[in-house]
Number of protein chains: 2
Amino acid sequence: MPRGNCQGQGWWHGKFKGCGYRLTAGREAILDILSKSEGHLSAEDIYMKIHSRYPNVGLTTIYRTLEVLSNLGMVHKLDFGDRRARYELAEGPEGAHHHHHLVCTDCNKVVDYTDFIDEEVELLRETEKGLGAKYNFQITNHVIQFYGLCGKCSGKK
Amino acid sequence: MPRGNCQGQGWWHGKFKGCGYRLTAGREAILDILSKSEGHLSAEDIYMKIHSRYPNVGLTTIYRTLEVLSNLGMVHKLDFGDRRARYELAEGPEGAHHHHHLVCTDCNKVVDYTDFIDEEVELLRETEKGLGAKYNFQITNHVIQFYGLCGKCSGKK
DNA sequence: TCTGATAATGGAAATGGTTTTCACTAACTA
DNA sequence: TAGTTAGTGAAAACCATTTCCATTATCAGA
């Protein structure tokens, strides 16, 4: 994790500059894709989408950029149990809707839900505060996920 | 995921038999290791520990057994962001202490915490019920994890 | 605007945890 | 006890992600 924890300034031009990162076409392209398509893209998904419009952005750059974005807290890296990471934009400038995930362990279908979110977030905030103090952690993120079988998969026995 | 969802019978001999799995030395060895050492073992950790006492249990068997155990709900498969899965025994027969995890994104140190667990579990139970009904999911497991920098890592800037 | 320092890039090769293959062995059922 | 078939180990395959390295591009300062 290079350059310490640079979180919570303005939106991303400023964020990048402020942390000593350079602004490049590839990075803009990746952020562009992420903000236009919604949820749960793998590095390769992004690569494909980018490739038609920016044919000279390599997979390596995608991975590197996603790591940077993740370090900056602008992107969440998710694990749904198939063996590839998924990425989604964290709340944007206009505060996208916070949500958590419900994952089918059989077909890997993922449901974003916002039900109960307020209670969850409230408890999480409390917990975060408590844990941070007790264990001397500077908490920056959390994951809540439920796993089970979706209707289709539990149906097929 | 073979053999559907066989969860919630007795303890493990019965569980295995009931689901059509056979009882083998390797499987006993793995369960033995898991119940004796605590928390967060990778497949290779288990392999090492097993190898001294049961030299003819291969890594492949470890992986296969862990998958079975995970399907049976006897083991939780965890992801702490380094790229290897960790496994820990789910609540044993005498109800081991339920806990969640606090992970340092820099050094990968993991803290098991039980603070706030009651509130968390309570909310989770509610949410689980609600989500299960609304999205027609048969929920079997959940993950809550907090990520951040531990004292040591946030100190070194 | 030009320029130098160095961050960023992309393609290819390496990595390494996990899965698959396959021939063999051992559990369990009848 | 025998037959069926689940389980096994070793080696090979897999494949998402990282690393290497020579080249290019960004940007701060002159």
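The values are calculated or read from the model by the stated rules, or taken from the named source; none is laboratory data. Just so you know, these numbers come straight off a predicted model, no measurement behind them. With ideal geometry, Cβ positions are generated from the backbone for all residues, glycine too; neighbour counts draw on all protein chains shown. For accessibility, only protein heavy atoms count, side chains too; no ligands or nucleic acids. Shrake-Rupley method; radii C 1.70, N 1.55, O 1.52, S 1.80 Å.
Quote the charge dipole size of the protein assembly as shown about the Cα centre in Debye, to the nearest 20; the model charges only the Cβ of Lys and Arg (+1) and of Asp and Glu (-1).
1360 debye
With heavy atoms of protein chains only and a 1.4 Å probe, what residues of the range A:120-157 have at least 50 Å² less accessible area in the full set of chains than alone?
A:LEU123, A:THR127, A:LEU131, A:TYR135, A:PHE137, A:GLN138, A:VAL143, A:PHE146, A:TYR147, A:LEU149
Normalised radius of gyration for the range A:97-157, please: alpha carbon Rg relative to 2.2 N^0.38 Å, two decimal places. Could you put the intermediate results ahead of the total?
On the way: Rg = 15.2 Å, N = 61, 2.2 N^0.38 = 10.5 Å.
The value comes to 1.45.
What's the Kirkwood radius of the protein assembly as shown in Å, using all Cα pairs?
Numbers: mean 1/r = 0.0467 Å⁻¹.
With all distinct Cα pairs of the protein assembly as shown included, I get 21.4 Å.
For the range B:68-80, in order, what is each residue's ³J(HN,Hα) by Karplus, 6.51 cos²θ - 1.76 cosθ + 1.60 with θ = phi - 60°, in whole Hz (x at glycine and Pro)?
4, 4, 5, 4, 6, x, 8, 9, 9, 9, 10, 10, 9
Once the piece of chain linking A:GLU28 and A:LYS134 is laid out straight, how much longer is it, given 0.36 nm per residue of separation minus the C-alpha distance between them?
34.2 nm
For the range B:97-157, what % of the accessible area comes from carbon and sulfur atoms, probe 1.4 Å? Let's see the in-between values first.
Values: 1510 of 3060 Å².
Answer for the range B:97-157: carbon and sulfur cover 49 percent of the accessible area.
Among DSSP beta bridges lying fully in chain A, give the percent that are antiparallel, nearest 5.
70 percent
Of A:GLY155, A:VAL111, A:ILE139, which is farthest along the charge dipole of the range A:97-157 in the positive direction, counting Lys and Arg as +1 and Asp and Glu as -1 at C-beta?
Farthest towards the positive end: A:GLY155.
Given A:LYS36/A:LYS152; A:LYS129/B:LYS77; A:LYS36/A:LYS109; B:LYS49/B:LYS77, which pairs have Cα atoms separated by over 23 Å?
Working: A:LYS36/A:LYS152 30 Å; A:LYS129/B:LYS77 27 Å; A:LYS36/A:LYS109 21 Å; B:LYS49/B:LYS77 18 Å.
Among A:LYS36/A:LYS152; A:LYS129/B:LYS77; A:LYS36/A:LYS109; B:LYS49/B:LYS77, the Cα-Cα distance tops 23 Å for A:LYS36/A:LYS152; A:LYS129/B:LYS77.
I'd like the GluC sites (Glu not before Pro) in the range B:64-157 restricted to DSSP loop residues with at most 16 other Cβ atoms within 10 Å, sorted by number.
Values: sites: B:GLU67, B:GLU88, B:GLU91, B:GLU94, B:GLU119, B:GLU120, B:GLU122, B:GLU126, B:GLU128; in loops: B:GLU91, B:GLU94.
Answer in residue order: B:GLU91, B:GLU94.
Output, in nm with one decimal and in ascending order, the distances from the A:GLY151 label point to the matching label points of the other copies (7 Å from Cα along Cα-to-Cβ).
Result for A:GLY151, in nm, nearest copy first: 5.1.
Which FRET efficiency, nearest 0.05, do A:THR60 and B:VAL121 yield, Cβ-Cβ r, R0 41 Å?
My answer for the efficiency is 0.45.
Using a Debye calculation, one point per C-alpha and no hydration shell, please list log10 I(q)/I(0) for the range A:1-92 at q = 0.18, 0.21 Å⁻¹ in order.
For the range A:1-92, the Cα-only Debye profile gives -0.78, -1.06.
Heavy-atom accessible area per residue, the range B:1-94, 1.4 Å probe: how many Å²?
56 Å²
State the percent of C-alpha pairs, over all pairs in chain A, separated by a distance greater than 18 angstrom.
Here the tail beyond 18 Å accounts for 65 percent of pairs.
Note the distances from B:HIS99 to each other copy's matching label point, with points 7 Å along the Cα-to-beta-carbon direction, in nm, sorted shortest first.
Spelled out, the distances from B:HIS99's label point are 3.3 nm.
Straight-line reach from A:LYS17: which aspartates and glutamates have a Cα under 19 Å away, not including same-chain ones fewer than 8 places off?
Within the straight-line cut-off, A:LYS17 pairs with A:GLU28, A:ASP32, A:GLU67.
Say a label goes 7 Å from Cα toward Cβ at B:GLY14 in every copy; what distances in nm does this one have to the rest, shortest first?
Sorted ascending, the copy-to-copy spacings read 6.2 nm.
Once phi is turned into θ = phi - 60°, what whole-Hz ³J(HN,Hα) does the Karplus curve with 6.51, -1.76 and 1.60 give for every residue of the range B:48-64, x standing for Gly and Pro?
Working through the residues one at a time gives 4, 4, 6, 4, 5, 9, 10, x, 10, 10, x, 4, 4, 4, 4, 4, 5 Hz.
With a 1.4 Å probe and all protein chains left in place, how much of the accessible area of the range B:1-94 comes from carbon and sulfur atoms, in whole percent?
46 percent
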